[in-house]
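Undergrad: For reference, the structure I am asking about is given below.
Values in this text are rule-based calculations from the coordinates and carry no lab data. Model, not experiment: these values are computed from the prediction. Reconstructed Cβ throughout: ideal geometry from the backbone, glycine too, with neighbour counts over all protein chains shown.
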Ligand code: PMP
């Protein structure tokens, strides 16, 4: 990331939400209200489980979202653990479920920050083949024996932006129930859909068989470091113990701010504005890519090996692209930076065999004008390296 922070560089590398989406006025009002109404509660040590009204709000929201997707999920607020970002959720789950050499299954590619959270426990991280529709169920079946859990991002995945189809979700749920494989479902991007809401969460289909991680970072603000875990009642006490050891509790002040901002349906008004912004940014990137790589006919076309190709994410913050055969994204990066644009090479996101041609392009932080200039610079760098 250091290289990409050089002044003047257009960065498609960052994983940051657009700061234009932060509801500053709402947080300002919430700060005043929290400090007036309950200063002692907000500034005192508090319960490790989290702020009660926020846990209730999270449970109600998950119930409503799954009902809208056609699945009944009876989330009890007692199953909700407020965490310091969902990154802490990954860390806590890793601590309670992984021993040295435990087998942990991940998608291919997967979120690097999750693998980083698992690594101190020294697991054997095994990647399961994945395609545009999600996880390859036959490969999962081959690899799931004795696995501690499967870590999966069904919605607008980081790094690829892809989503798991309803058919794959149903097949994965059935397979996990058959084999008893626990699922850790990470869903920080699910609300950021462009055309239609995603299918119901995996955990909603089999609540006893999984742990669900959520985040307020992408719908409100990452700086507050607020997320949550929904865990089966049998697992919850262990997670709570790990949470107490980690930081006693997540900041009570921040939890109240999130609650104040969210109550009365603020997200129903706010999140559509984020979706509209990110969709217009995605469209700008697709348009610029089509303009600067006119020979490309898509990742599955007959000429895909001889052209630059990319997918069309239906939500989230990232697009996944692939260089022509013979090129390597790590080698290309310094040349792209010389031309004024940065991206994240895809290789580090793979736990197993890496696709050295892949790269992640974030479309949410640069302006539309910068997206056009950045893609032009990327095209120049690629064409210069090929010739
Ligand atoms: N999971 C995924 C897939 C992510 O992309 C991120 C943030 N980049 C996180 C978890 C952590 O998010 P936070 O701690 O801000 O909730």
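Undergrad: Once fully extended, how much extra length lies between residue 302 and residue 325, figured as 0.36 nm per residue of separation less the alpha-carbon to alpha-carbon distance? Don't jump to the answer; show the numbers that get you there.
TA: On the way: separation 23, 0.36 × 23 = 8.28 nm, distance 1.28 nm.
Separation in residues times 0.36 nm, less the Cα-Cα distance, equals 7.0 nm.
Undergrad: Mind giving me the nanometre distance, one decimal, between the label points for residue 246 and residue 384, set 7 Å out from Cα along Cα→Cβ?
TA: Once both label points are built, they end up 4.4 nm from each other.
Undergrad: Still on this structure, please answer the following. How much length is gained if the chain between residue 277 and residue 31 is pulled fully straight, taking 0.36 nm per residue apart and subtracting their Cα-Cα distance, in nm to one decimal? Walk me through the numbers on the way to the answer.
TA: Working: separation 246, 0.36 × 246 = 88.56 nm, distance 2.65 nm.
Length gained, residue 277 through residue 31: 85.9 nm.
Undergrad: State the antiparallel share, in %, of DSSP beta bridges confined to the chain, rounding to the nearest 5.
TA: In the chain, approximately 55 percent of DSSP beta bridges are antiparallel ones.
Undergrad: Going by a ≥ b ≥ c, the root eigenvalues of the Cα gyration tensor, does region 59-162 fall in the rounded group (a/c under 1.5), the prolate group (a/b larger than b/c) or the oblate group?
TA: Oblate is the answer for region 59-162, as a/c is 1.5 or above yet b/c matches or exceeds a/b.
Undergrad: Let me ask something additional. Calculate for the chain the 222 nm mean residue ellipticity that helices alone would give, adding -39,500 (n - 2.57) per DSSP H run of length 4 or more and normalising by residue count, nearest 500 deg cm²/dmol.
TA: Working: 13 runs with 161 residues, N = 387.
Helix-only estimate at 222 nm: -13000 deg cm²/dmol.
Undergrad: For 372, 383, what ranking results if the residue with the fewest other Cβ atoms within 10 Å of its Cβ goes first?
TA: Listed from fewest to most nearby Cβ atoms, that is 383, 372.
Undergrad: With a ≥ b ≥ c taken as the square roots of the eigenvalues of the C-alpha gyration tensor of region 296-387, please select rounded if a/c is under 1.5 and otherwise prolate if a/b is larger than b/c or oblate if it is not? Please list the in-between numbers first.
TA: Working: a/c = 1.28, a/b = 1.11, b/c = 1.15.
It comes out rounded by the Cα gyration axes.
Undergrad: If you don't mind, there's one more thing I want to ask. Tell me the angle of helix 252-262 to the major Cα principal axis of the chain, expressed in degrees between 0 and 90 and rounded to the nearest ten.
TA: Once rounded, one gets 70 degrees.
Undergrad: In nm, to one decimal, how far is the modelled label at residue 38 from the one at residue 60, with both set 7 Å along Cα→Cβ?
TA: Those two pseudo-labels are separated by 1.4 nm.
Undergrad: Just the Kirkwood number for region 1-52, please: inverse of mean 1/r across all distinct Cα pairs, in Å, one decimal.
TA: 14.9 Å is the Kirkwood radius here.
Undergrad: What is the angle, in °, between the Cα long axis of helix 236-247 and the longest principal axis of the Cα atoms in the chain? Nearest 10 is fine, range 0 to 90.
TA: Between the helix axis and the principal axis of the chain, the angle is about 80 degrees.
Undergrad: So, one more: Which value, in Å³ per residue, describes the convex hull spanned by the Cα atoms of the chain? Each step should come with its number before you reach the end.
TA: Numbers: hull volume 53.7 nm³, N = 387.
Expressed per residue, the convex hull around the Cα atoms of the chain is 139 Å³.
Undergrad: If you don't mind, another one. Mind checking which of 306, 130, 18 has the largest fluctuation in a GNM of the chain, springs on alpha carbons under 10 Å?
TA: Of 306, 130, 18, the Gaussian network model singles out 306 as fluctuating most.
Undergrad: GNM, the chain, Cα, under 10 Å: largest mean-square fluctuation among 70, 15, 180?
TA: Its mean-square fluctuation being the largest, the pick is 70.
Undergrad: What residue among 272, 17, 201 shows peak mean-square fluctuation when the chain is described by a Gaussian network model with Cα springs under 10 Å?
TA: Highest fluctuation of the listed residues: 272.
Undergrad: Then there's this: Quick one: if the Förster radius is 35 Å, what FRET efficiency do residue 295 and residue 195 give, using the C-beta to C-beta distance and rounding to 0.05?
TA: On the way: r = 28 Å, r/R0 = 0.79.
Taking R0 as 35 Å, the efficiency between residue 295 and residue 195 is 0.80.
Undergrad: Report, in whole Å, the centroid distance computed from the Cα atoms of region 286-305 and region 309-327.
TA: So the separation of the two Cα centres works out to 10 Å.
Undergrad: Would you kindly work out the equivalent ellipsoid of region 11-128 from its C-alpha gyration tensor and give its semi-axes, the square roots of five times the eigenvalues, largest first in whole Å?
TA: Taking √(5λ) for each eigenvalue gives 31, 20, 19 Å, largest first.
Undergrad: In degrees between 0 and 90, to the nearest 10, how far off the longest principal axis of the chain does helix 329-339 point, with axes built from Cα atoms?
TA: Roughly 80 degrees between the two axes.
Undergrad: Would you give the gap between the C-alpha center of region 170-229 and the C-alpha center of region 8-58, rounded to a whole Å?
TA: 21 Å
Undergrad: Taking the C-alpha atoms of region 158-309, how large are the radius of gyration and the largest Cα-Cα span, Dmax, in Å?
TA: 19.6, 56
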